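The values are calculated or read from the model by the stated rules, or taken from the named source; none is laboratory data. Nothing here was measured: the structure is a model prediction, and the numbers come from that model. Counting neighbours? That spans all protein chains shown, and the Cβs are built from the backbone with ideal geometry, glycine included.
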Amino acid sequence: MHLSRIFFVFMVVCLLGSCKKEDEPIKEVLIPDVPVNDPAPVYSNTFIYTDKARYEPGDKVTFTLDRKDLPTGALVRYKHLNKVVEESVPGSANWTWTLPADDFKGYVAELVVDKDGDETIEAVIAIDASTKWTKFPRYGFLSDYSQIEEQDMDAVINNLNRFHINGIQFYDWHNKHHQPLPIENGQVASSWKDIINKDVYLKTVESYIKKAHEHNMMAMYYNLVYGAWDDAADDGVDRHWYVYKDNNHSSMDYHPLSSPFLSNLYVLDPSNSDWQNYYQSQNKRVYEFLDFDGFHMDQLGDRGVVYNYDGINIDLAQTFAPFINAMKEGNSEKYNVVNAVNQYGQLGIASAETDFLYTEVWNPNNQYDDLASIIRQNDVYGGGLKNTVLAAYVNYDLANNQGFFNTPSVLMTNAVIFAFGGSHLELGEHMLGKEYFPNNNLKMRPVLKTALIAYYDFLVAYQNLLRDGGKFNTVTLSSLDNKMVLSNWPAGKGDVAIVAKKMAGRQLISLINLSDATTTEWRDNAGIQVAPQKLKNAKLLLKDSQKVKSIWAASPDVAGGSPRSLKFAQEGENVVFELPELEYWTMIVVEY
């Protein structure tokens, strides 16, 4: 928007060790007029689409507007971070853009309309240009493989594509855990039962895989690393491979399941080479008949004191790595991802042949800070090379009954996860509220879906800041007008939390608004979290000894996450600026 010349005058008084003498006049710090990209807050992300969830560098991106005509005077502005890469005038409601050749980059496309000299952003969408999806994993799921119409499957995949989901976990697609794909006379059966006695149709599984690939999403098949049904002996699974609760192999360890489940789930020793060889043959059979891209491995968490057949105590946490590596050895071109239930076994999992790290979060990791701590711990375990996906089920107790997700619960949880560089497994045919993925008791209200699209656009657009290196640090930031109470992470209720990260030539400062929070528990079982009151035009002072070149900000809560240059002034180590708006989460970027 073209703005008239505006000046902000700040009084910097006795802040953070820079106190004036009693007779020293208060110094006015004038913020000069600088070019500002200040989009109007009225926009929509719900009628603009791209044809794929991820692109190769240099690919052609096809954009589609869900309307017949372009607005008069529309142009498209393509940006990487706060830098304009290219501008073009689209000829119709469907147009293309050829991506630059740079790999692992996030972009944002703004559909801008000039109305009487004022620019308005009409729509925003992000683009991921990455040769490998596991660099910036955004994981979704599927859980229903009944006889589904093609158009209904298209609707599911198209919806996930709008959220830029680039990998899909095919949850409980299989038959027996120890023999996932049933073969009849050398051919895959046309249908089979999953463990809860639901029908799974081969045609549906195949169609979903094909449709995912058409949008450049990877299809990951789900199974336990050590599960066996009651009849496993009939299929060649030996008693010597199991895990036992006693040291004389008389009591097998198992997860009890009752009707309508078809079997209990018995636990095998993942480090047993015979079990590895057996399952490797099953793994190869899956890949032979179905075009899955990799194996999503699950586990049941800490099983307590357990033994192998020979009565030797097993540390199950240490058994996952050899199993993972055996699966990779047999299918080196396939991806491996393993669920570390509440971080159980994650250190070994991270050191094995896994492509990113995945944690299902449970009690006692109930606070927002626990989510941040898990992501940061995974960064250490993975040597900074493996990003994190969290399976974290918001409004868990509410999902026992029909109803709606609490919008502030979901957005605040995602603000924390995304700000620390993770992503969130939550989207499939529906939104997740339980570890049993077919549970769809809770629905998304339209306002949540619209907001969530903006959050995923934000995650993609700024993946090079949020998920591409850097080191978390501490900054000294204070409020000059007392519009917010600032405190370094972790912050409590009533505060605005500062999450800072240093990168080459940049300082990132995420502000997460807990000013009105009713709880700091991310799961928010009772759905009591409330939306924060918007804070506008907050005057801030940053202590920074480096010479600042520019400051800009972006928020998924404002104008689809489009970046906006901020006016600032620096005198010595005092840098003053005004933050236009903070709702749930705003990211400030200081460039040197």
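The table for this structure:
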{"quantity": "Residue in the range 525-535 that is surrounded by the fewest Cβ atoms within 10 Å (Cβ to Cβ), counting only those that are in contact (Cβ under 8 Å) with a residue 40 or more places away in the chain and under 25 Å from Asp457 (Cβ atoms)", "calculated": "Lys534"}
{"quantity": "Qualifying residue in the range 115-127 (condition: under 30 Å from Phe292 (Cβ atoms) and surrounded by fewer than 22 Cβ atoms within 10 Å (Cβ to Cβ))", "calculated": "no"}
{"quantity": "Residue that is surrounded by the fewest Cβ atoms within 10 Å (Cβ to Cβ) [pool: residues in the range 217-246 that are in contact with a helix residue (DSSP H, G or I) (Cβ under 8 Å, 6 or more places away or on another chain) and farther than 14 Å from Tyr266 by Cα]", "calculated": "Gly236"}
{"quantity": "Test set (1) in contact with a Lys or Arg (Cβ under 8 Å, 6 or more places away or on another chain); (2) of a type outside the set (Phe, Trp, Tyr); (3) within 30 Å of Lys493 (Cβ to Cβ) - Lys334 fails condition number", "calculated": "(3)"}
{"quantity": "Qualifying residues in the range 570-586 (those that are in contact with a strand residue (DSSP E or B) (Cβ under 7 Å, 6 or more places away or on another chain) and part of a loop (DSSP other than H, G, I, E, B)) - the one surrounded by the most Cβ atoms within 10 Å (Cβ to Cβ)", "calculated": "Tyr584"}
{"quantity": "Subset of the range 195-217 (residues that are closer than 15 Å to Val286 by Cβ and outside any helix (DSSP H, G or I))", "calculated": "Val200"}
{"quantity": "Some residue of the range 196-206 being over 30 Å from Thr62 (Cα atoms) and free of Cβ contacts under 8 Å to residues at least 12 places away in the same chain", "calculated": "no"}
{"quantity": "Residues being in contact with a strand residue (DSSP E or B) (Cβ under 6 Å, 6 or more places away or on another chain), surrounded by 11 or more Cβ atoms within 10 Å (Cβ to Cβ) and not in a strand (DSSP E or B) - total across the range 66-93", "calculated": "5"}
{"quantity": "Number of positions in the range 562-574 that are touching an Asp or Glu at 6+ places or on another chain (Cβ under 8 Å) and within 26 Å of Val416 (Cβ to Cβ)", "calculated": "3"}
{"quantity": "Residue in the range 363-371 that is buried (at least 20 other Cβ atoms within 10 Å of the Cβ), among the hydroxyl-bearing types (Ser, Thr, Tyr) and either within 23 Å of Lys245 (Cα to Cα) or touching a strand residue (DSSP E or B) at 6+ places or on another chain (Cβ under 7 Å) (or both) present", "calculated": "no"}
{"quantity": "Inter-residue pairs, beta-carbon under 7 Å, first of a type in the set (A, V, I, L, M) and in the range 83-95, second part of a loop (DSSP other than H, G, I, E, B), 6+ apart", "calculated": "Val85/Pro100; Ala93/Arg67; Ala93/Lys68; Ala93/Asp69; Ala93/Leu70"}
{"quantity": "Residue check for Asp102: in a loop (DSSP other than H, G, I, E, B) and either within 24 Å of Leu459 (Cα to Cα) or of a type outside the set (Gly, Ala, Ser) (or both)", "calculated": "yes"}
{"quantity": "Condition met for Ser146 (modelled with pLDDT of 95 or more and closer than 18 Å to Thr50 by Cα)", "calculated": "no"}
{"quantity": "Flag if Tyr279 is at negative phi, among the hydroxyl-bearing types (Ser, Thr, Tyr) and out of contact with any Leu (no Cβ under 8 Å at 6 or more places or on another chain)", "calculated": "yes"}
{"quantity": "Among residues of the range 480-497, those that are over 22 Å from Val575 (Cβ atoms), surrounded by fewer than 18 Cβ atoms within 10 Å (Cβ to Cβ) and not small (Gly, Ala, Ser), counted", "calculated": "1"}
{"quantity": "Top-ranked residue of the range 94-110 - restricted to ones that are among the hydrophobic types (A, V, I, L, M, F, W, C) and closer than 28 Å to Pro137 by Cβ, ranked as surrounded by the most Cβ atoms within 10 Å (Cβ to Cβ)", "calculated": "Ala109"}
{"quantity": "Residue within the range 338-348 that is of a type in the set (Gly, Ala, Ser) and in contact with a Phe, Trp or Tyr (Cβ under 6 Å, 6 or more places away or on another chain) present", "calculated": "yes"}
{"quantity": "Subset of the range 426-448 that is surrounded by fewer than 18 Cβ atoms within 10 Å (Cβ to Cβ) and free of Cβ contacts under 8 Å to residues at least 24 places away in the same chain - its residue that is farthest from Arg523 (Cα to Cα)", "calculated": "Pro446"}
{"quantity": "Enumeration of residues in the range 384-429 that are among the hydroxyl-bearing types (Ser, Thr, Tyr) and within 15 Å of Ala372 (Cα to Cα)", "calculated": "Thr388, Thr413, Ser423"}
{"quantity": "Every residue from the range 320-359 that is surrounded by fewer than 24 Cβ atoms within 10 Å (Cβ to Cβ), among the β-branched types (Val, Ile, Thr) and closer than 15 Å to Pro137 by Cβ", "calculated": "none"}
{"quantity": "Members of the range 107-131 that are assigned to a loop (DSSP other than H, G, I, E, B) and touching a residue at least 24 places away in the same chain (Cβ under 8 Å)", "calculated": "Gly117, Ser130, Thr131"}
{"quantity": "Pairs with Cβ under 6 Å, 6+ apart, first in the range 536-559 and over 12 Å from Ser479 (Cα atoms) and in contact (Cβ under 8 Å) with a residue 12 or more places away in the chain, second in a strand (DSSP E or B) and of a type in the set (Lys, Arg)", "calculated": "Ala553/Arg564"}
{"quantity": "Residue in the range 466-478 that is outside any strand (DSSP E or B) and over 20 Å from the mean Cα position of the chain (by Cα) present", "calculated": "yes"}
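Conditions (1) of a type outside the set (Asp, Glu); (2) assigned to a loop (DSSP other than H, G, I, E, B), marked per residue:
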| position | (1), (2) |
| --- | --- |
| Tyr344 | yes, yes |
| Leu347 | yes, no |
| Glu353 | no, yes |
| Trp362 | yes, yes |
| Asp369 | no, no |
| Ala372 | yes, no |
| Ile375 | yes, no |
| Asn378 | yes, no |
| Tyr393 | yes, yes |
